[in-house]
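Trainee: The following block contains the structure, expressed as structure tokens.
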Amino acid sequence: MTALRKQLVLVGNGMAGVRALEHLLKLAPEAYEITIFGAEPYPNYNRIMLSSVLAGGTSLDEIVINDLEWYRSFNIKLYTGHTVTAIDTKERKVHTDKGITAHYDELILATGSNPFMLPLPGAEKEGVIAFRDIKDTQIMQEVSQKYSKAVVIGGGLLGLEAARGLLHLGMEVSVVHIHDYIMERQLDEAAAVMLRKELEAQGMKFLLKKQSEAILGKKRVKGLLFADGETAEADLIVMAVGIKPNVELARTSGIAVNRGILVNDYMETNLPGIYAVGECAEHRGIAYGLVAPLYEQGAVLAKRLAGVPTEGYAGSVTSTKLKVSGVDVFSAGQFTEMDGTKSLRYQDETEGVYKKLVIRDEKLVGAVLFGDTSDGAELFSLIKKGENIKGREKELLLGISPDALASPKGNRLEGMPDDEIICGCNGVTKGTIAEAITSGGCTSVGQIKACTKASASCGGCKPLVEGLLQLYAGEAAVTVKEGICGCTTLGRDEIVAEIKRMKLMTVKEVMNVLNWSHEEGCAKCRPSLNYYLGMLWPAEYVDENESRFTNERYHANIQKDGTYSVVPRIYGGVTSPAELIKIAEVAVKFDVPLVKFTGGQRLDLLGVKKEDLPKMWEELDMPSGHAYGKTLRTVKTCVGSTYCRFGTQDAIGMGIRLEQAFERLNAPGKVKLAVSGCPRNCAEATIKDFGVVAIDGGWELHIGGNGGINVRATDLLCVVKTDDEVMEWASAFLQYYRENAGWNERTAQWVERVGLDSIKQALESREERLALQERIRHTLSLTTDPWKQIVNTPELRKNFEPILSPETV
Ligand SMILES: Cc1cc2nc3c(=O)[nH]c(=O)nc-3n(C[C@H](O)[C@H](O)[C@H](O)COP(=O)(O)OP(=O)(O)OC[C@H]3O[C@@H](n4cnc5c(N)ncnc54)[C@H](O)[C@@H]3O)c2cc1C
Ligand code: SF4
């Protein structure tokens, strides 16, 4: 059977290509043996959501669309971090930069776009980047920790989302734009001015009608020079001036290209067996830059490859939504007036609402909404259908509420055909959503999202999904509440209570007994349940490795090039010459490209290959520093009274004691501690989860601090006299946090949510503190060092071995 399968190779592990495969696997799961080459070192992720990652609402783990398990489950050979450098179209082979060659019967090119970088003098300087991928997002996050001034060139959708993210990261941000108003490709001037004012109120600065001339600075960028001689200071410049289809591979392999790779209505290039899909493809003169059309292309291509009849792809009308919190902007179709068009406008400056509809021949051809975009998806649907709207113009302008949508009278949602797309980003039709509600039992937007992916990307269709929910679920929709994820309506406390009450012991059991809507759960609930079960049943529960993220599974942090970093535990940041020599020898032996001191006073050996990890740990013979995962990371200390003339207490001794007590602690979020020997606070204890600051005759204990993206100073929990009391309170606080916070909730968020007083109250009684201390001790007594465990267990070591003949990740 397998021998008969044709070889299908996908170049580009991005949104469009993998989406096409998802369709294909549904239509013809057995037709092909599939190999994917992706230049980025990650599984397929939602690029759209990078804006949310930058703006702080989402973690990188959460934007993964298909995790590695998905590829395995379809026997897909995935080569991450491999760039295809050549296609031998005669021999039907592709070659990668890492020396892999793969034969294909059918080849899909889905190489996406490259950001357009203005060829300004100085553009090669450090600190000049684009906003396209995870790497760019991480650079912005890192730069914001060290520098303060950012300039974004480009006042379009991407530029504004980058600028909003940088503002959130605490930088001063100026947006430079060549036109006299922003987002001119999506908005008219009135809406653009309202948008600019709103963004200015959020702290963004605008430099309009400015032509960039040169980038200033020596090695690193210092500023931007404009054609009018003025300058703007900048430690970081983000260029967001457009994208160009990535066609180099196709061009050099003899495939016909213009701006993009030329394709017909079936996504076929000029060469037999070679297709292109996504931003790299040019169809009827258009290379699209938004996912909705790319997903439509993917569906057509999948049918073609599966041998299912299709009418082909006929092009798309596009709509856009700005993903900036506090600002609602929507634009679709032909939004500027032209000969033969009429427009209707509504503007309310007091409420900050602007609406404009453009009509031609009694049909809606374009719309701009600012301030209230709830009707965006509905208007977009009318534009696409080309329906006659005569007599309904004013109603459409003044608003369609979800209530009105669900009302029996004039219910457009009800009359909408089943194959009408509701979620453009993920290509989800009305029929699919209706079925998820009526047959799948979904009763909340969250459940629909988990079940169908509708509203999982830009969120622009949420009002329509809500309207459909009201239409099909009626009463049930009203009473429903959001659970920890779309698989359940139960919240964290209810789940924990049920696990305790019914003595549930495995993730599977919880899902079965508590009626999970998805048998396998999702990337949110699986790790949460794994944590809650481990917290409640420390002795009985067997940790589910597959419910953990990559870093936790490999006990090392994966880096952007696919290698790992190794951080051994160095208690309290205190090491010795002998230990340093050992670390140095291991670094030399394993050819470690970079050795770095971390912010938590540890040594980080970066650039380690996965297969070398167990051997390195063996040679180091040191415990894991747990620089990954939701656990105790480090206890930072100052020299304290041991050497410092200001020190009043032994900060080093206290820090080492705390670290030895709590290492390997499994917690809802990562936990960082610090101990300072006097109120000068050189160890920065007041931005840690638990901070200890020495005072004359005792210690101040602080909780709920955070030094990351959302900086939060700690709250003072109490003042104690002895070291033993520090241990007692630290134990009680950490265990109380373990038992009461939601998974993935850092102490800073938790303290804010439940309030300092409630925590003080819970820890007030000594009896209760001692009981909590006993529970944390018991839990910790059952833990072992993961590195040692792997080193000594041949079965576990096998997970790190390279897979030789062709690698299936
Ligand atoms: C920050 C941001 C926000 C966005 N917001 C929105 C939005 O709100 N709505 C919307 O509709 N769109 C949005 N987009 C655009 C959307 O993400 C893209 O349209 C979509 O990702 C394009 O999909 P693709 O598969 O064609 O390309 P990509 O997702 O870029 O995938 C192409 C992949 O191919 C890889 N590749 C390239 N060449 C090779 C090679 N030779 N060998 C191996 N691999 C290769 C690349 O590394 C890349 O991983 C946004 C984009 C960004 C960057
Ligand atoms: S915090 Fe106080 S004791 Fe510690 S190093 Fe600074 S000044 Fe010295």
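Trainee: Top to bottom by accessible area (1.4 Å), largest first, where do Thr631, Thr489 land?
Mentor: In descending accessible area the options line up as Thr489, Thr631.
Trainee: Give me the percent of DSSP beta bridges within the chain that run antiparallel, rounded to the nearest 5.
Mentor: Close to 60 percent.
Trainee: How about the stretch 582-651: which trypsin sites (Lys or Arg not before Pro) there are in a DSSP loop, with at most 13 other Cβ atoms within 10 Å of their Cβ?
Mentor: Passing sites in the stretch 582-651 are Arg645.
Trainee: Rank these by accessible area, largest first, 1.4 Å probe: Val308, Val329.
Mentor: Val308, Val329
Trainee: Here's another thing I want to ask about it. When all protein chains stay in place, what accessible area (Å², nearest 10, 1.4 Å probe) is found for Ser765?
Mentor: Number for this one is 60 Å².
Trainee: Counting each DSSP H run of 4 or more residues in the chain as -39500 (n - 2.57), what helix-only mean residue ellipticity at 222 nm follows after dividing by all residues, to the nearest 500 deg cm²/dmol?
Mentor: Result for the chain: -9500 deg cm²/dmol, rounded to the nearest 500.
Trainee: Do any GluC sites (Glu not before Pro) in the stretch 299-400 lie in a DSSP loop with no more than 15 other beta carbon atoms within 10 Å, and if so, which?
Mentor: Answer by residue number: Glu311, Glu337, Glu349, Glu351, Glu362, Glu387.
Trainee: Just the number please: accessible area per residue for the chain, 1.4 Å probe, all protein chains included, in Å².
Mentor: 44 Å²
Trainee: Also, I was wondering about something else. Based on Cβ point charges of +1 for Lys and Arg and -1 for Asp and Glu, what charge dipole magnitude is obtained for the stretch 491-633 about its Cα centre, in debye rounded to the nearest 20?
Mentor: 360 debye
Trainee: If the limit is 31 Å between Cα atoms, which of Lys77/Lys670; Lys77/Lys503; Lys321/Lys508; Lys323/Lys430; Lys125/Lys596 go over it?
Mentor: The answer is Lys77/Lys670; Lys77/Lys503; Lys321/Lys508.
Trainee: Please state the relative contact order of the stretch 464-617 as a whole percent: Cα pairs under 8 Å, 6+ residues apart?
Mentor: 14 percent
Trainee: May I ask you to derive the relative contact order of the stretch 320-397, considering only C-alpha pairs under 8 Å and at least 6 residues apart, and to give it as an integer percent?
Mentor: Rounded, it is 30 percent for the stretch 320-397.
Trainee: How do Glu279, Glu768 stack up against each other in accessible area, from largest to smallest, with a 1.4 angstrom probe?
Mentor: Descending accessible area places them as Glu768, Glu279.
Trainee: Anything over 24 Å Cα to Cα? Flag those among Lys218/Lys244; Lys205/Lys356; Lys197/Lys462; Lys146/Lys688, in the order listed.
Mentor: Lys218/Lys244; Lys205/Lys356; Lys197/Lys462
Trainee: Same structure again: Tell me, what are the semi-axes, in whole angstrom and largest first, of the equivalent ellipsoid of the stretch 1-150 as set by the roots of 5 times the Cα gyration tensor eigenvalues?
Mentor: Ellipsoid half-lengths, sorted descending, are 33, 19, 11 Å.
Trainee: Going toward the positive end of the dipole of the chain, with +1 on Lys and Arg Cβ and -1 on Asp and Glu Cβ, which of Gly285, Met727, Ser781 do you reach last?
Mentor: Highest projection toward the positive end goes to Gly285.
Trainee: On to the next question. May I ask for the distance between the Cα centers of the stretch 253-288 and the stretch 171-186, given as a whole number of Å?
Mentor: Cα centroid to Cα centroid, the span is 32 Å.
Trainee: Let me ask something else. Going by alpha carbons, how many degrees (0 to 90, nearest 10) lie between the helix axis of 376-385 and the longest principal axis of the chain?
Mentor: 30 degrees
Trainee: Mind computing the radius of gyration and Dmax over the alpha-carbon atoms of the chain? Å is fine for both.
Mentor: 28.4, 85
Trainee: Now for a separate question. In the full protein assembly as shown, how much of Phe646 is accessible to a 1.4 Å probe, in Å² to the nearest 10?
Mentor: 80 Å²
Trainee: Dipole size in debye (nearest 20) for the stretch 165-264 around its Cα centre, Lys and Arg Cβ +1, Asp and Glu Cβ -1?
Mentor: Value, rounded to 20: 480 debye.
Trainee: Let me ask you something else. Of the GluC sites (Glu not before Pro) in the stretch 69-167, which ones lie in a loop per DSSP and count no more than 15 other C-beta atoms within 10 Å?
Mentor: Sparse-neighbourhood loop GluC sites (Glu not before Pro): Glu91, Glu124.
Trainee: How much of the DSSP bridge set in the stretch 38-176 is antiparallel, in percent, rounded to the nearest 5?
Mentor: For the stretch 38-176, the DSSP antiparallel bridge percentage is about 55.
Trainee: Is the shape of the stretch 194-285 best called rounded, prolate or oblate, per the rule: a/c under 1.5 gives rounded, else a/b larger than b/c gives prolate, else oblate, with a ≥ b ≥ c the square roots of the Cα gyration tensor eigenvalues?
Mentor: In terms of gyration-tensor shape, prolate.
Trainee: Then there's this: Nearest 10 degrees is fine. How inclined is helix 492-502 to the longest principal axis of the chain, computing both from alpha carbons?
Mentor: The angle comes out near 60 degrees.
Trainee: In addition: Evaluate the charge dipole of the chain about its Cα centre and quote only its size in Debye, nearest 20, assuming +1 on the Cβ of each Lys and Arg and -1 on the Cβ of each Asp and Glu.
Mentor: Dipole size: approximately 920 debye.
Trainee: Here's something else I'd like to know. Would you work out if the stretch 690-756 is rounded, prolate or oblate? Take a ≥ b ≥ c from the square roots of the eigenvalues of the alpha-carbon gyration tensor; rounded if a/c is under 1.5, else prolate when a/b is larger than b/c, oblate otherwise.
Mentor: oblate
Trainee: May I ask for the angle, rounded to the nearest 10°, between helix 723-740 and the longest principal axis of the chain, with both axes built from Cα atoms and the value confined to 0 to 90°?
Mentor: That works out to roughly 30 degrees.
Trainee: While we're on this one: Roughly to the nearest percent, how much of the accessible area of the stretch 487-531 is carbon and sulfur, given a 1.4 Å probe?
Mentor: 53 percent
Trainee: Still on this model: Put +1 on the Cβ of each Lys and Arg and -1 on the Cβ of each Asp and Glu in the chain; which of Tyr564, Ala214, Pro309 then has its Cα farthest toward the positive end of the dipole?
Mentor: The listed residue farthest towards the positive side: Ala214.
Trainee: Leaving out same-chain residues fewer than 8 places away, which lysines sit with a Cα under 20 Å from that of Lys303?
Mentor: Filter leaves Lys6, Lys26.
Trainee: Quick check: the distance between the Cα centres of the stretch 333-393 and the stretch 40-88, to the nearest angstrom?
Mentor: About 36 Å separates the Cα centre of the stretch 333-393 from the one of the stretch 40-88.
Trainee: Still on this model: Note down the relative contact order for the chain as a percent, whole number, built from C-alpha pairs under 8 angstrom at least six residues apart.
Mentor: 8 percent
Trainee: What does the accessible area of Thr85 come to, in Å² to the nearest 10, when a probe of 1.4 Å is used?
Mentor: My reading of the accessible area for Thr85 is about 80 Å².
The values are calculated or read from the model by the stated rules, or taken from the named source; none is laboratory data. Quantities reported herein were computed from a predicted structural model and do not represent experimental measurements. Methodologically, a virtual Cβ is constructed for each residue, glycine included, from the backbone with ideal geometry; neighbour enumeration extends over all protein chains shown. Keep in mind that these areas ignore ligands, DNA and RNA; they rest on the heavy atoms of the full protein, side chains included. Shrake-Rupley method; radii C 1.70, N 1.55, O 1.52, S 1.80 Å.
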